[in-house]
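The values are calculated or read from the model by the stated rules, or taken from the named source; none is laboratory data. Since the model is a prediction, treat every value here as computed from it, not as a measurement. To get the accessible areas, we keep the full protein, side chains included, count just its heavy atoms, and leave off ligands, DNA and RNA. Shrake-Rupley method; radii C 1.70, N 1.55, O 1.52, S 1.80 Å.
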Amino acid sequence: MKSSFSFIFFVFSVSCIAFASGGAQDFRQYFLVQTWPPVYCQVHRPEPCRINPSKFVLHGLWPVNSSGRSSTNTNNQTINLPAMLKSNKSFAAEMNKFWPSLTRNENEHFWKRDWKHHGRGQPNLPPEEYFRTAITLVKAANLEAAFRDAGINPDGDKLNPRKYTRAINTRYGTTPLFKCLNRSLLMEVTLCVDAQATNFVSCIARPSSLSRCRRKIIWAP
C-alpha cells in the first residue's frame, strides 16, 4: 500500500525532564501533542520537511508526572513497530494519516523517538496498545474542526488565545496548552489525558509553563 505519507515521525522535545528513580510511580496523566506542519517545517533543521500537510498531525503521547512535566523513559521495553505495521495494513494506513513522517531521516520519525524517549516511561500501556491508543485519541481530538466551528481559520489573523481556548473547551471540555514559534505562530496544541488514556482532563501543568505564545496567536496557512 502506497501513501503520500511514507512513514511515522516524532521529534524529541528538548524541554523533557526525566523522572527520578521510581518515576513510574509519579506518573499522573498524558500530554497528547499535535503539531501544525506549516509552522513546524519552518524551524526543522537540518533535514527539511519532505511533506508539509496542512492539517494537525500527532507529535506524541507523553507521560506526565505530578509536577506537570513530560518524562523520559525509565525502562527498556522494546517494540518492532515496522513489523506490526507490515502485518496490519489498516493500522499502518492510520499511522501514515495521523502520525506521518515529515522528513526522510529515519531517526526523525516522531513515533520512533516518541517511544524511545517517552513511551517506555509510562506504566499503563504495553507497547502495541500505546501506539493504538495514541491514534484513537488523536482521532477523537479534531483540532481543525474545533477551531473552524468557532470561526477560527488558518488565515494569518491575530486572535486572542482565549478564543482558541474556548474553541477547545467547548468541544472537549478541557483547557489546551499552546506552543508558538516566534511567540505568535501556533505550532503545537496539547490536550491532557487521564492516566488510563481514555478521557480528556485538566492539565496539571500551568499554561504559562509551556506556552511560548504572546497575547495574540496566529494560525498560519
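Points to keep in mind about this one:
- Probe 1.4 Å - accessible area at Asp155, Å² to nearest ten: 80 Å²
- Counting only Cα atoms, segment 173-221 measures 34, 23, 15 Å along its principal axes, largest extent leading.
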